[in-house]
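Remarks on the structure that follows.
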Amino acid sequence: MDEAMRNKQLVRESIERVWGQQRPDELEREVERFLAPSFVDHGALPGTAPGPAGFADGVRRLLAAFPDAHNEIHDIVAEGDRVVVRWTMTGTHTGGGLGIPATGRAVRITGITMSRVVGGRIAEHWIYRDDIAMLRQLGLMPSPGATAG
């Protein structure tokens, strides 16, 4: 198996194992398994600590906000040490993990993540997700053309 294929497999497994984690006590171990100790998250949520521990905390916060979160990978491509994933996350906002009171609304968020893999671990990643669509679906931001109440 060549480097690009190994890196695709690593990133796919990391998404499935970390974001599909239903046992909070296992989350830290899974994150440490896939992320380099010097991991840099270029798309971290505000207030997130650096490194794998900060990433694990961000995952915990998102899963607390959307306990039924489900991630679907649509495309995954790799070249050398870079892996790009186009994905969709669906879930229901029933928790306050993001500091926003639960709305009970369902969301569908799309995004693209690019990861750089070094030595069999993810060293850094960049994430572009449609946060504006999420805020609109949660009723926290008006849609274009909507009239103010």
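The values are calculated or read from the model by the stated rules, or taken from the named source; none is laboratory data. All of these numbers come straight from a predicted model, not from anything done at the bench. A quick note on method: Cβ atoms are made from the backbone with ideal geometry, for glycine too, and the neighbour counts reach across all protein chains shown. We work out accessible area using only protein heavy atoms, side chains counted, and drop any ligands, DNA or RNA first. Shrake-Rupley method; radii C 1.70, N 1.55, O 1.52, S 1.80 Å.
The table that follows gives values for the structure above.
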{"read-out": "I132 vs. criteria open to solvent by 60 Å² or more (accessible area, probe 1.4 Å) and either in contact with a Ser or Thr (Cβ under 7 Å, 6 or more places away or on another chain) or β-branched (V, I, T) (or both)", "value": "yes"}
{"read-out": "Pick from the stretch 63-91, criterion in contact with a Gly (Cβ under 9 Å, 6 or more places away or on another chain) and open to solvent by less than 40 Å² (accessible area, probe 1.4 Å), ranking: farthest from R12 (Cα to Cα)", "value": "A65"}
{"read-out": "Output for the stretch 34-47, where each listed residue is outside any strand (DSSP E or B), at pLDDT 95 or above and either charged (D, E, K, R) or open to solvent by less than 40 Å² (accessible area, probe 1.4 Å) (or both)", "value": "F34"}
{"read-out": "The stretch 13-25 - residue that is assigned to a helix (DSSP H, G or I) and under 15 Å from the mean Cα position of the chain (by Cα) and, of those, surrounded by the most Cβ atoms within 10 Å (Cβ to Cβ)", "value": "S14"}
{"read-out": "Flag if L10 is hydrophobic (A, V, I, L, M, F, W, C), free of Cβ contacts under 8 Å to residues at least 60 places away in the same chain and part of a helix (DSSP H, G or I)", "value": "no"}
{"read-out": "Among (1) at pLDDT below 95; (2) more than 13 Å from the chain's Cα centre (by Cα); (3) assigned to a loop (DSSP other than H, G, I, E, B) - the single one L135 does not satisfy", "value": "(3)"}
